Amino acid sequence: MGYLLPAEYVEYGLGVETSDDLVATASALMEGYCRRPSLLVTQYVEQLRLTAGAQTVRLSYRPLAAAEGAVSPLVRVRVRYGRPRRGEMVDLYREQVAYAFAVPGSWSELDPAGVDVNPATGELTFPVNFLGLNYNEAEVTYTSGLSVIPDAVKIACAQVVKNAQTMPAMNVKRSRIDTMQLEYFSGSLIDDQVQSLLRPYVAERLG
């Protein structure tokens, strides 16, 4: 989808003759730069390794946002005591107790309401279980994205379109834009200004 509506083209500095295809392709380039399928609210699943001795993880896609009709961005949380990596065995006795109460490596459901969530930073803090043990792996299903497109994203989209229109090597007057041609020039189209505007939405730890 395009992050600018046709009625908004002039408001954000584009000409009325700007094609919808160009705006849609510019929006797709922005999604590619942010390494996510959409900037709108979308569901993701991540399997994360917790640092030894810590009970927090940071999700890759931010900002977290609850889907329409939902209360929390967390949809499902599973945790387990995976076999510790070398150097992660903090307490040998307690690790043996953990394996006595559960099959090593088996997943357990965790109530999402018991997980502390920071929507802005994407940081989750897990509760310690009744044995006082820390989990070391988690699988989190959650939603992240924008329910309303902010001005920063619309300005970024308009700027990508302007960059394409001013690039001599590209023919942007055609009714249909060559997507591969735009991909080739994506490094120039996503300039420093656009990167700055999109920085809060770029996925981390992926690729």
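The values are calculated or read from the model by the stated rules, or taken from the named source; none is laboratory data. Quantities reported herein were computed from a predicted structural model and do not represent experimental measurements. When we count neighbours, we look across all protein chains shown, and the Cβ atoms used for this are built from the backbone with ideal geometry, even at glycine.
Quick notes on this structure:
- Filter pass, Ala24 being free of Cβ contacts under 8 Å to residues at least 40 places away in the same chain and over 25 Å from Pro119 (Cβ atoms): yes
- Qualifying positions in segment 41-71 - over 25 Å from Asn136 (Cβ atoms), in a loop (DSSP other than H, G, I, E, B) and within 13 Å of the chain's Cα centre (by Cα): Val41, Pro63, Ala65
- Output for segment 1-41, where each listed residue is surrounded by fewer than 16 Cβ atoms within 10 Å (Cβ to Cβ) and β-branched (Val, Ile, Thr): Val10, Val16
- So Met30, is it of a type outside the set (D, E, K, R), touching a Cys at 6+ places or on another chain (Cβ under 9 Å) and outside the structural domain of Glu109 (by TED's automatic domain parsing): yes
- From the list Thr56, Thr51, the lone residue that is in contact with a Phe, Trp or Tyr (Cβ under 8 Å, 6 or more places away or on another chain) and outside the structural domain of Met167 (by TED's automatic domain parsing) is Thr56.
- Selection within segment 3-17 - more than 15 Å from Ile155 (Cβ to Cβ) and out of contact with any Lys or Arg (no Cβ under 9 Å at 6 or more places or on another chain): Pro6, Ala7, Gly15, Val16
- Filter pass, Tyr44 being surrounded by 15 or more Cβ atoms within 10 Å (Cβ to Cβ) and closer than 23 Å to Asp192 by Cβ: no
- Positions within segment 142-160 being buried (at least 17 other Cβ atoms within 10 Å of the Cβ) and among the small types (Gly, Ala, Ser), in sequence order: Ser144, Gly145, Ala156, Ala158
- Any chance Leu50 is at pLDDT 95 or above, out of contact with any Ser or Thr (no Cβ under 7 Å at 6 or more places or on another chain) and hydrophobic (A, V, I, L, M, F, W, C): no
Quick grid of which residues meet (1) closer than 30 Å to Tyr12 by Cβ; (2) in contact with a Cys (Cβ under 7 Å, 6 or more places away or on another chain); (3) part of a helix (DSSP H, G or I); (4) modelled with pLDDT of 90 or more:
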{"site": "Ser106", "(1), (2), (3), (4)": "no, no, no, no"}
{"site": "Phe130", "(1), (2), (3), (4)": "no, no, no, no"}
{"site": "Tyr135", "(1), (2), (3), (4)": "no, no, no, no"}
{"site": "Val160", "(1), (2), (3), (4)": "yes, no, yes, yes"}
{"site": "Ala164", "(1), (2), (3), (4)": "yes, no, yes, no"}
{"site": "Met170", "(1), (2), (3), (4)": "yes, no, no, no"}
{"site": "Arg174", "(1), (2), (3), (4)": "yes, no, no, no"}
{"site": "Ser188", "(1), (2), (3), (4)": "yes, no, yes, no"}
